[in-house]
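Every number in this text was worked out from the coordinates using simple rules, so none of it is lab data. On a predicted model such as this, the values are computed, not experimentally measured, just so you know. Quick reminder, even Gly has a Cβ in these numbers, built from the backbone with ideal geometry, and neighbours come from all protein chains shown.
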Amino acid sequence: MLHFQPGRSSRTSLVALCGAFAFLAPSAAAQGTPTFSIDWRSRSKALPAGGVGPPLNECRILSATTGAPSVGPQPAPLSLVGAGALGLPLATNCTVQPPGVPCQLELDALSYGGDARFRTNLANQARLYFCVDPYAVGRSILPVSSFQPSVRSEAQVFDATGDVFFAAGVSGAVPPLGGIVPVVPPDNVGTIDGDGQSNPPSGTLFAYPGLGLIEPNIAILPPPSLDMPGDTIDALSLEPPPVNGSRIYFSLDGSFTDPLTQIQNSGSAQANGFLPGMVLVKVLGSGGLPAVYAQPTQLGLDLSGPGTDDLDALVLFDNGDGVFTPASALYGWNAAGGPDMLLFSVRRGSALIGQPDSLFGLPIEPSDILINPAAPGQRPRIFIAGENLGAATARSGQTTHGDDVTAIATEVAAFWDCNNNTVEDSVDIATGQSADDNNNGIPDECERPAGTRTCLCPTSANPPCGNADSGAGCANSTGLGASLDSVGSASISNDDLLLVATQLPPNAHGLWLMASGTAQVQLGDGLRCVGGTIARFGAYTTGSSGVASRGPIAGGSCSLPFGCIQPGSTWHFQAWYRNVTGPCGNGTNLSNLLSVSFTP
């Protein structure tokens, strides 16, 4: 039977989808390799990078071991750039400190200077992606996001902090976007997951390509402490990873106390001789200390004194000279040789929080995307208010301390767009434009089927009464044969394989068959293709669509007499169904055979 996930799309278009199987390669979806950092309280801290490398810490620039995010269990992320390559004085401070023990090297904002620019027209408009801290709750007062997974849905199971969300409403607008009521729909949707897995019933229901991070299981959630039960993404870039000679722009953490948690931040900026409102730059592969690219005062920070504001997220388009030229007029950065586009947020606890910005006069929130003031000595301007991201804010009356945006990045093309329709795949799924019946965050039309289809009628044996269909099982009362195929992968650990039978009679009852071997024996109006040890693998009813599905397969097999499917084994599947009005008058029929060799 079809199993629907709340908020995901499971559509009856499987008939056309699985009949045609015009699949696109999933790898075509990724536009880049995300690079990121984690904070000092993250659970992955001190784990070996990639499972075998140096211990992870809060000043390493990381990537998923698979490069592009992938679904299912993964090793801990890889370490691409360490504190030594960033030229920090305390580069050797981080050794094997456990989660919750800072080593005064927290990188909490990141860019390589080539982020996508916002424009005054919607052609090639930048798409904004963001991350939130563990205490974010998402907007719960009207209007709210209509998409899932979202900050709101993930935060309810403590699963938002390791994810990357796409600000879907912002991509269709021209900032600045201010006001307590969102100027655009506050739609955000989870696009990159922390661990690439769902965790029902206590955790998230959603799985989508992930980074190999640790996400909390609320069934075993420990009491609040310095070390967190999961990971927090603290900096993010969607640009190509840096190489020797390229510039890395970053910021370090402040030392003041978080007013929500009463926990003091790591103080890595001051410990290394910088201010937490500075944007630093280092040419990868060069010696010496990092240079100061942008001073806090140029950004409208530290008006209450040095070190009173902490720049917490960064998007930067540098005009190529590596010297910060503030934009007095918005969108001047789109002119050749113009100023630089530098967008940022500030951490909760910064003196700037609650102070009016210099464009709208709105009290600044830790979820606001800010830009430098038009004139020196002024506070920053709000470029995109947090309400437009679907964040909870104090100024809207939802919370005392608003959601904290910890990382931002921009792209022109959708990061995941496997069907090449210019829409983020997560939006296609959330709006029902694409099916995701195996709930792995990849549109079903983009997944190549696992397994081999054989025992077609009549290529394997003569049809019982001339009811041939050379592309499926023997023909039934619809004039076509039942076609059995799959969506998802043959991976045991992913367990995302979905058997899909189409071209069945409507409202028909049937059984899934699973077997250790194969055969070719006439049965009813069709051919029984399973042999050896045969087991019933559940029942189904096709409904009005004449479609049936069964999954997940690996975990579901454990209740059968031959036990759980093991990596390296091959199993054979067939759909058997009633068809009283079938062409041969025998009352039943079968699909073609699908044989799947399972992998780890």
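Observations
- Long-range HN-HN contacts of Phe158 with modeled amide H, under 5 Å: none
- Charge dipole of the stretch 409-563 about the Cα centre (unit charges at C-beta), most positive-ward option of Asn494, Thr518, Val423: Thr518
- Report note on the peptides 301-312, 439-450: ranked by the mean count of other C-beta atoms within 10 Å, highest first, their order is 439-450, 301-312.
- Placing +1 on the Cβ of every Lys and Arg and -1 on the Cβ of every Asp and Glu, with no other charges, gives the stretch 420-465 a dipole of roughly 420 debye about its Cα centre.
- The charge dipole of the chain, taken about its Cα centre with unit charges on the Cβ atoms of Lys, Arg (+1), Asp and Glu (-1) only, comes to about 1080 debye.
- Amide H contacts under 5 Å for Asp253, placed H, 5+ residues apart: Glu106, Asp108, Ser268, Ala269
- The string of couplings for the stretch 429-436 from the Karplus curve (6.51, -1.76, 1.60, θ = phi - 60°) is 5, 5, 8, x, 6, 10, 7, 9 Hz, one whole number per residue in order, with x for Gly and Pro.
- A convex hull fitted around the alpha carbon atoms of the chain yields 145 Å³ per residue.
- Applying the Kirkwood pairwise sum to the alpha-carbon positions of the stretch 293-414 produces a hydrodynamic radius of 14.6 angstrom.
- Sequence-ordered 3J(HN,Hα) estimates for the stretch 370-383 from the Karplus curve with 6.51, -1.76 and 1.60 and θ = phi - 60° stand at 10, 9, 4, x, 6, 9, x, x, 9, 6, x, 9, 6, 9 Hz, glycine and proline given as x.
- Positive end of the dipole of the stretch 124-211 (Cβ unit charges, origin at the Cα centre): among Val151, Ile141, Gly203, the Cα lying farthest that way belongs to Ile141.
- 3J(HN,Hα) couplings calculated from phi for the stretch 125-132 with the Karplus curve 6.51 cos²θ - 1.76 cosθ + 1.60 (θ = phi - 60°) are, in sequence order, 5, 5, 9, 9, 10, 8, 10, 10 Hz; Gly and Pro show x.
- Computed over the alpha-carbon pairs of the stretch 50-192, the distance histogram in 10 Å steps reads 10, 29, 33, 22, 6 percent, short to long.
- For the stretch 481-530: rounded, prolate or oblate by the Cα gyration tensor [a/c cutoff 1.5]: oblate
- Relative packing of 327-334, 497-504, which averages over residues the other C-beta atoms within 10 Å, highest first: 497-504, 327-334
- Between the stretch 417-472 and the stretch 554-585, the Cα center-to-center distance that results, in Å: 18
- Amide hydrogen proximity for Arg528: with H placed 1.01 Å from N in the peptide plane, the residues at 5 or more positions away or on another chain lying under 5 Å are Val521, Gln522, Leu523.
- A dipole drawn for the chain from +1 and -1 charges on Cβ atoms has a positive end, and of Thr478, Trp40, Gly305 the residue lying farthest that way is Thr478.
- Across the stretch 227-275, the volume of the C-alpha convex hull divided among the residues equals 134 Å³ per residue.
- Fraction of beta bridges assigned by DSSP in the chain that are antiparallel (%, nearest 5): 95
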